[in-house]
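*Asks:* Attaching a single structure in structure tokens format; questions to follow.
Every number here is computed from the coordinates shown, using simple stated rules; none is lab data. Just so it is clear, the structure is predicted and the values come from calculations on it, not from any experiment.
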Amino acid sequence: MVQWSEYWRLSNSGRLAGLCLPKTQLLMRGKPGGTPLEDHTPNSDENCLLLFPGPGVEVLSPGLLDDRPTRLYVPDGTWREASKIARKTNFLRGMRRAQLPLGMSSRYRLRKAPRAGGVSTIEAIAEALAILGEAENADRLIEVLTLLVNCLGKRRPSMRLHAEGAHRGLT
């Protein structure tokens with residue numbers, strides 16, 4: 001779920017993830033004249049999880065899921081906007097939540113993380129996919145992110161990756 005005001009920013013990694021992954025649907029919040037986010041109905045035949053941290057939220061693991069297909073809902077925008085999406089979107093309020101393991105650190109700086117352990121949306125999605133056994137898609141996201149950051153880093157050195165290598169080093 002992407003905040004409309006963030007969608008066109010070069011640093012919007014949620015949109016980038018949506019472009020890279022098959023079977024991804026971007027839901028917009030706040031698009032003038034757009035379909036309200038509330039019109040979306042999660043599929044009851046799927047494991048639907050909101051990937052967003054919080055007190056008492058379970059850590060994502062394959063053991064959280066049954067045999068049904070899994071759909072992750074990942075709010076995207078600034079930390080404040082993503083928090084609002086998670087809190088104020090009706091169909092997400094009662095949804096089962098999961099968070100990534102603690103101790104992750106971001107490998108790039110398109111934006112400054114507002115708190116320790118904060119990662120970009122695309123890094124969070126990649127790590128979630130790796131945890132859920134989708135290593136090929138996770139690797140694809142990190143490769144695209146690396147290319148983007150390195151291209152932008154040539155113009156702004158502060159945006160270069162902090163450490164090269166596989167994303168699995170995040171955990």
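*Asks:* Pull out the extension gain between Lys23 and Lys84, defined as 0.36 nm times the separation in residues minus the alpha carbon to alpha carbon distance; nm, one decimal.
*Replies:* Working: separation 61, 0.36 × 61 = 21.96 nm, distance 2.50 nm.
That pair, Lys23 and Lys84, stretches by 19.5 nm at full extension.
*Asks:* Please list, ordered by chain and number, the residues whose modelled amide H lies under 5 Å from the amide H of Thr70; skip anything fewer than 5 residues away on the same chain.
*Replies:* Those qualifying (amide H under 5 Å, at least 5 residues apart or on another chain) are Asn47.
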